[in-house]
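Trainee: Okay, handing you the structure first.
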Amino acid sequence: SYLSEWYDITFMPFSAERRHMDVKCCHDVVSRMERPGTTNIMPMPHTPSDTLQYIANADLVITMKFHGVIFATLASTPFVNIGLSRKTQQFCKEAGLAGLSVPPYAFTQETFAACVKSAEEMDPSYLTGVTAHNKEMLFRVFPQIEAEICGSSN
């Protein structure tokens, strides 16, 4: 409800598997919103390319999924991580994006609003730099990983 005053909101479920319940969660959140404003839920499934394109065209991404953090970073779209998982929290911390991540078990309108403000003030080129750095690191370790995989199959 807080964001619906300034943003059109689209929910994008990342999984249609029964145990993940992303779609059900999206409907549950919408049903609890005081001011749903312009709100919709994208149908499943969507391809990774479609997801990346949609996120690249968004003004802001709110995510609790690691894939959401990664897609937003790849697209250089400011985001707020509300996920509790170690991997979303650690990625943000290591990338210098801790200000975009609500601390675990500290979700309040104030902590969320502070992260949204940080995301809105972020220079998207910083996210481009994070992507470039991670790609460089991947290419540095890739020969070692390849050697270990190929060496273990001999």
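Trainee: Consider the candidate values (1) 15.1; (2) 16.3; (3) 16.9; state which one is Kirkwood radius over Cα pairs in Å computed from the structure displayed.
Mentor: Here Kirkwood radius over Cα pairs in Å agrees with entry (3).
Trainee: In addition: Would you grab the residues whose amide H sits under 5 Å from the one on residue 62? Only those 5+ places off in sequence or on another chain, please, with H modelled 1.01 Å from N.
Mentor: Placed amide hydrogens put 80 under 5 Å from residue 62.
Trainee: Oh, and also: Which order do the peptides 62-72, 113-123 take when ranked by the mean count of other beta-carbon atoms within 10 Å per residue, highest first?
Mentor: 62-72, 113-123
Trainee: While we're here: Please work out the average accessible area per residue across the range 1-73, using the 1.4 Å probe convention, and give it in Å². Intermediate values should be presented prior to the final figure.
Mentor: On the way: 4850 Å² over 73 residues.
Ligands and nucleic acids excluded, the figure is 66 Å² per residue.
Trainee: Please work out the FRET efficiency for the pair residue 35 and residue 87, using the Cβ-Cβ distance as r and a Förster radius of 35 Å; give the result to the nearest 0.05. Before the final figure, lay out each step's value.
Mentor: Details: r = 32 Å, r/R0 = 0.92.
FRET efficiency, residue 35 to residue 87: 0.60.
Trainee: Okay, moving on. Read phi for every residue in the range 112-129 and hand back ³J(HN,Hα) as whole Hz from Karplus 6.51 cos²θ - 1.76 cosθ + 1.60, θ = phi - 60°, with x for Gly and Pro.
Mentor: So the Karplus estimates, Gly and Pro as x, are 5, 4, 5, 5, 4, 4, 4, 5, 5, 8, 5, 7, x, 5, 5, 5, 4, x Hz.
Trainee: When all protein chains stay in place, what accessible area (Å², nearest 10, 1.4 Å probe) is found for residue 59?
Mentor: That residue has around 120 Å² of solvent-accessible surface.
Trainee: Which far-off residues, 5 or more places away or on another chain, put their amide H under 5 Å from the one on residue 9, with H placed in the peptide plane?
Mentor: Counting only residues 5 or more places away or on other chains, the set is 38, 39, 40.
Trainee: Which residue, 44, 61, 125, has the largest displacement toward the positive end of the dipole of the chain when charges sit on each Cβ (Lys, Arg +1; Asp, Glu -1)?
Mentor: Of the candidates, 44 comes out farthest on the positive side.
Trainee: Rounded to a whole number, what % of the accessible area of the chain do carbon and sulfur atoms account for, probe 1.4 Å?
Mentor: Working: 5830 of 10100 Å².
On the chain, the fraction of accessible area on carbon and sulfur atoms equals 58 percent.
Trainee: Taking the Cα of residue 19, stepping 7 Å toward and past its beta carbon, and measuring to each backbone N in the range 83-118: which are under 19 Å?
Mentor: Taking a point 7 Å out along Cα→Cβ of residue 19, the residues of the range 83-118 whose backbone N falls under 19 Å are 84-87.
Trainee: Return a whole-number percent for the relative contact order of the chain, with Cα pairs under 8 Å and 6 or more residues apart as the contact set. Don't skip to the end; give the middle numbers.
Mentor: Values: 175 pairs, mean separation 24.9, N = 154.
Across the chain, relative contact order equals 16 percent.
Trainee: Where the Cα atoms of the range 82-154 are projected onto their three principal axes, how long is each span, largest first, in whole Å?
Mentor: Between the extreme Cα coordinates on each principal axis of the range 82-154 lie 56, 28, 11 Å.
Trainee: Between the range 1-54 and the range 93-116, what is the separation of their alpha carbon centroids in Å?
Mentor: 20
Trainee: Still on this structure, I have one more. Report the number of Lys pairs in the range 48-154 whose alpha-carbons are under 19 Å apart, with separation of 8 or more residues or on distinct chains. Please list the in-between numbers first.
Mentor: Values: 65/87; 65/93; 87/135; 93/117; 93/135.
Lysine pairs, 8 or more places apart or on different chains, close enough: 5.
Trainee: Also: Find, among the trypsin sites (Lys or Arg not before Pro) in the range 13-59, those assigned to loop by DSSP (not H, G, I, E, B) with at most 13 other beta-carbon atoms within 10 angstrom.
Mentor: On the way: sites: 18, 19, 24, 32; in loops: 18, 19.
Passing sites in the range 13-59 are 18, 19.
The values are calculated or read from the model by the stated rules, or taken from the named source; none is laboratory data. Please read all numbers here as calculations on a predicted model, not as lab measurements. So basically every Cβ, Gly included, is an ideal-geometry build from the backbone, and we count neighbours across all protein chains shown. Side chains are part of the model used for accessible areas, which takes the heavy atoms of the whole protein and leaves out ligands, DNA and RNA. Shrake-Rupley method; radii C 1.70, N 1.55, O 1.52, S 1.80 Å.
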